[in-house]
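A quick write-up on the structure given underneath.
The values are calculated or read from the model by the stated rules, or taken from the named source; none is laboratory data. Remember, predicted model here, so these are calculated numbers, not experimental data. Note that we place each Cβ from the backbone using ideal geometry, even for glycine, and neighbour counts take in every protein chain shown. The protein model used for the area step is the full one, side chains on, heavy atoms only, and it has no ligands, DNA or RNA in it. Shrake-Rupley method; radii C 1.70, N 1.55, O 1.52, S 1.80 Å.
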Amino acid sequence: MTAAWFTALFVAALLTMIAVQSWLGVRQIASVQRHRDRVPDAFAARIPLAAHQKAADYTVARQRFARVDRVVDLVMTVGWTLLGGLALAATVTSTLPAPWNDVVLTAIVAIVGGIVGLPLSWWRTFVLEARFGFNRTTLAVWLADMAKGILVGIVLGLPLLLAVLWLVAHGGGLWWLWVWALWIAFQVLILLLYPTVIAPLFNKFSPLPAGDARARIEALLARCGFAARGLFVMDGSKRSSHGNAYFVGFGRARRIVFFDTLLTTLAPPEVESVLAHELGHYALKHIVKTLVWSAVVSLAMLALLAWLSRQPWFYTGLGITDPAQMTRPGVMLNLFFIALPPFVFLLSPVTAMYSRRHEFEADAFAAQNASADALVSALVKMYEDNASTLTPDPLHSAFYDSHPPAAIRIGRLASLAQPYASGTT
Ligand SMILES: [Zn+2]
């Protein structure tokens, strides 16, 4: 491969990604607007037309925002690579001793990305989300979140980066294998630290108060033979009115967390069914499978990077022409992660499909161990409260949605609700 061919391949991948994303966005807007005037039959009794139209407008507004996001991403990617941004940053840092030259280089890439992303993030929170009544964040909370995020990033990211740079420089021909082992260990560390150290920096967690919901949840956990270290309520309403529930942690240290926003909108049987769905992810080993899958993918990525790092066209094709820069681990790593997205974008439907299959399985588990009807009514309330569209474009959904489209998901659950109704009468 020559550098010119690799540049052409990169540009082709980038243009394909932009074209496919834009086309899917246009399809999504068209699908939502086509169905804006009528609530789909399956939801007509439960969701008012005004809420359906709000969901349509919210979906369209987010798609329009995504267009701006895509253009900014494109300019950044081309700027760092073909226009010589990374080469310039590598030149500026070239007088520093290793590994600090690469640490500062990585910091420059992160800081420029952060500064460019700042107005977009502000717009999303204080204009887009606020316009639809979802935002509850104040500017003070938003700024504090950013400061804490940067701090956590430095405390956790800097030692990781130093260790990776050291391994690339001194690990020999199999450095990528050592980096992989380090990456897996780092992810386990994050999983251990997240519930008890990281998440409490951003939110308050209080025990789920006694009552109908708690009694139902404890009975469900006992019924499924599931041990958890605690049931918590998180003050998600501090930032947004979007609701959710999740599991964190490992083994006996695992916690179950409910957003306070969810507990105020769902009735106790609905909360129980949502938790049963989450329990399904655990019982069916989805979490472990996903972790193993991501470990395999990261190993493949690192092996690919190790091979690319020995090809001069990888550097020259992406704007790094100084041979001295080609030997710097930081240049290699940053270049790889900047150039990677367009090459892996076409794999996103595979990941999304895998995730949607897990959602169906967890729903079936919930139908078996709690109530399918309660889960349907919980989901309908969540769709309405989160202004999720009920009429997505099927192709857009296939590419992006980690959860099945509302109508298909509810349809499946409805069929699970009366297992004896078909065939026996
Ligand atoms: Zn799920």
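My understanding is that a pair violates if its Cα-Cα distance is over 19 Å; which of Lys204/Lys285; Lys148/Lys238; Lys54/Lys238 do that in this structure? Display every interim value, and only then the final one.
Numbers: Lys204/Lys285 29 Å; Lys148/Lys238 16 Å; Lys54/Lys238 23 Å.
Result: Lys204/Lys285; Lys54/Lys238 exceed 19 Å.
Count charges around His170 for me, please; just the other residues with Cβ under 15 Å from its Cβ, Lys/Arg as +1, Asp/Glu as -1.
On the way: positive: Arg328; negative: Asp102.
Overall, the nearby charge balance is 0.
Please calculate how many Å² of accessible area the chain carries per residue, with a 1.4 Å probe and no DNA, RNA or ligand atoms counted.
Details: 21220 Å² over 425 residues.
Counting only protein heavy atoms, the per-residue value for the chain is 50 Å².
Quick one: putting +1 on the C-beta of Lys and Arg, -1 on the C-beta of Asp and Glu, what dipole do you get for the chain around its Cα centre, in Debye to the nearest 20? Spell out each step's value before the answer.
Values: 33 positive and 24 negative charges, 26 e Å.
About 120 debye.
Using DSSP to call loops (not H, G, I, E or B), can you name the trypsin sites (Lys or Arg not before Pro) in the stretch 169-225 whose Cβ has at most 16 other Cβ atoms within 10 angstrom?
When the trypsin sites (Lys or Arg not before Pro) of the stretch 169-225 are filtered for loop state and at most 16 Cβ neighbours within 10 Å, Lys204 remain.
Can you pull the percent of Cα pairs in the stretch 119-242 with separation above 26 Å? Show your work: numbers first, answer last.
Working: 3770 of 7626 pairs.
Summing the P(r) tail past 26 Å for the stretch 119-242 gives 49 percent.
Report the residue, chosen from Gly149, Gly173, Gly236, that carries the largest GNM mean-square fluctuation when the chain is represented by alpha-carbon nodes joined by springs under 10 Å.
In this elastic network of the chain, the residue with the biggest mean-square fluctuation among Gly149, Gly173, Gly236 is Gly173.
For the stretch 52-161, take every pair of Cα atoms, bin their distances at 10 Å starting from 0, and report each bin as a whole percent.
Result, from short to long distances: 12, 31, 32, 18, 6, 1 percent.
Net charge around Glu218, counting only other residues with Cβ within less than 14 Å of its Cβ (Lys, Arg = +1; Asp, Glu = -1)? Write out the running numbers ahead of the final one.
Working: positive: Arg214, Arg216, Arg223, Arg229; negative: Asp212, Glu272.
Local net charge: +2.
How much net charge surrounds His281 when only the other residues with a Cβ under 9 Å from the Cβ of His281 are counted, with Lys and Arg +1 and Asp and Glu -1? Walk me through the numbers before you get to the answer.
Values: positive: Lys285; negative: Glu278, Glu359, Glu361.
Here the count lands on -2.
Going out from 0 in 5 Å bins, what whole percent of all Cα-Cα distances in the stretch 253-338 drops into each bin?
Percent of Cα pairs in each bin: 3, 11, 15, 12, 9, 7, 7, 8, 8, 9, 6, 3, 1.
Diagonalise the Cα gyration tensor of the chain and give the resulting equivalent ellipsoid semi-axes, square root of 5 times each eigenvalue, largest first, whole Å.
On the way: eigenvalues 343, 136, 95 Å².
For the chain, the semi-axes come out at 41, 26, 22 Å.
Apply the Kirkwood formula to the stretch 265-422: the hydrodynamic radius equals the inverse of the mean of 1/r over all pairs of different alpha-carbon atoms; give it in Å with one decimal. List each step's numbers first, then the result.
Details: mean 1/r = 0.0535 Å⁻¹.
It works out to 18.7 Å.
Per the helix-only calculation at 222 nm, which mean residue ellipticity applies to the chain, given -39500 (n - 2.57) for every DSSP H run of n ≥ 4 and division by its residues, nearest 500 deg cm²/dmol?
Numbers: 18 runs with 289 residues, N = 425.
Mean residue ellipticity, 222 nm, calculated: -22500 deg cm²/dmol.
Loop only per DSSP, at most 13 neighbouring Cβ atoms within 10 Å: give me the trypsin sites (Lys or Arg not before Pro) in the stretch 288-394, ordered by residue number. Don't skip to the answer; put the middle values down first.
Numbers: sites: Lys289, Arg310, Arg356, Arg357, Lys381; in loops: Arg310.
Filter output for the stretch 288-394: Arg310.
Would you mind telling me the antiparallel percentage of the DSSP bridges in the chain, rounded to 5?
On the way: 8 of 13 bridges.
Bridges in the chain are about 60 percent antiparallel.
So how far, in whole Å, is the C-alpha centre of the stretch 303-357 from the one of the stretch 63-97?
Value for the Cα centre distance between the two parts: 14 Å.
Work out the P(r) tail for the stretch 294-363: percent of alpha carbon pairs separated by more than 20 Å, whole number. Display every interim value, and only then the final one.
Numbers: 1032 of 2415 pairs.
Tail of P(r) above 20 Å: 43 percent of Cα pairs.
State the percentage of accessible surface on the chain attributable to carbon and sulfur atoms; use a 1.4 Å probe and exclude ligands, DNA and RNA. Spell out each step's value before the answer.
Numbers: 14670 of 21220 Å².
On the chain, the fraction of accessible area on carbon and sulfur atoms equals 69 percent.
If you build a Gaussian network model of the chain, linking Cα atoms that sit under 10 Å apart, which residue out of Gly249, Gly153, Gly280 swings the most?
Gly153
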